[in-house]
Amino acid sequence: MVTVPESHTDLLAAGVGMLATQGHDGFPQVTALWFLLDEDGLVKLSLNTTRQKTKNRERHAECAFFVLDPANPYRTLEIRALAEIAPDSDYAFATRLGAKYGGADLRAMDGPGGSRVVVTLRPVK
């Protein structure tokens, strides 16, 4: 498995990362979002099922995740990955992710008909 170089693991404590997915028209769609470096060493995201980035991922597993060092914009981390989706119907992962962000309640961010999924980024490069 591809791993993040030790020299850049600190970037995974950043507040925001950018997820690039492929839209239905073939163009990239880039979204800033919250993320968590989980205990298994993989970056995981909590996405609402009604969002475009989730729909894009359902069509294409390939994605890129990008983090910028706020102290040095020339120091970055890019993870090219295959994104796996799993249900988070009990919001267990969303609650853990929200804790990183001051106890944010991700349920409150979901509109009617939306639910949560956990997206696990499996690095390929």
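The values are calculated or read from the model by the stated rules, or taken from the named source; none is laboratory data. Owing to the predicted nature of the structure, the values given are computational and were not obtained by experimental measurement. No Cβ is skipped: glycine too gets one built from the backbone with ideal geometry, and neighbour counts run over all protein chains shown. Quick note on the areas: whole protein, heavy atoms, side chains included, nothing else; ligands and nucleic acids left out. Shrake-Rupley method; radii C 1.70, N 1.55, O 1.52, S 1.80 Å.
Compute the accessible area per residue over the stretch 6-123, keeping the other protein chains in place, probe 1.4 Å, unit Å². Mind showing how you got there, number by number?
On the way: 6250 Å² over 118 residues.
Dividing the accessible area of the stretch 6-123 by its residue count gives 53 Å².
State the answer as a single residue: which of T21, P123, T76 lies farthest towards the positive end of the charge dipole of the chain, with beta carbon charges of +1 for Lys and Arg and -1 for Asp and Glu, about the Cα centre. Among T21, P123, T76, the one farthest towards the positive end of the dipole of the chain is T21.
Quote the relative contact order of the chain in percent (integer), defining contacts as alpha-carbon pairs under 8 Å separated by 6+ residues.
Details: 226 pairs, mean separation 36.2, N = 125.
Reported relative contact order: 29 percent.
Taking only protein heavy atoms and a 1.4 Å probe, the accessible area of the chain is 57% carbon and sulfur.
Rounded to the nearest 500, the 222 nm mean residue ellipticity of the chain from helices alone is -3500 deg cm²/dmol, with -39,500 (n - 2.57) taken per DSSP H run of at least 4 residues. Which parts of the stretch 87-125 would a label at R80 reach, counting a residue when its backbone N lies under 15 Å from a point 7 Å out along Cα-to-Cβ? What the label zone holds, given the 15 Å backbone N cut-off, is 122-125.
The charge dipole of the stretch 6-123, taken about its Cα centre with unit charges on the Cβ of Lys, Arg, Asp and Glu (plus for the first two, minus for the last two), comes to roughly 320 debye.
Only Cα pairs under 8 Å and 6+ residues apart enter the sum, and on that basis the relative contact order of the stretch 16-79 stands at 33 percent.
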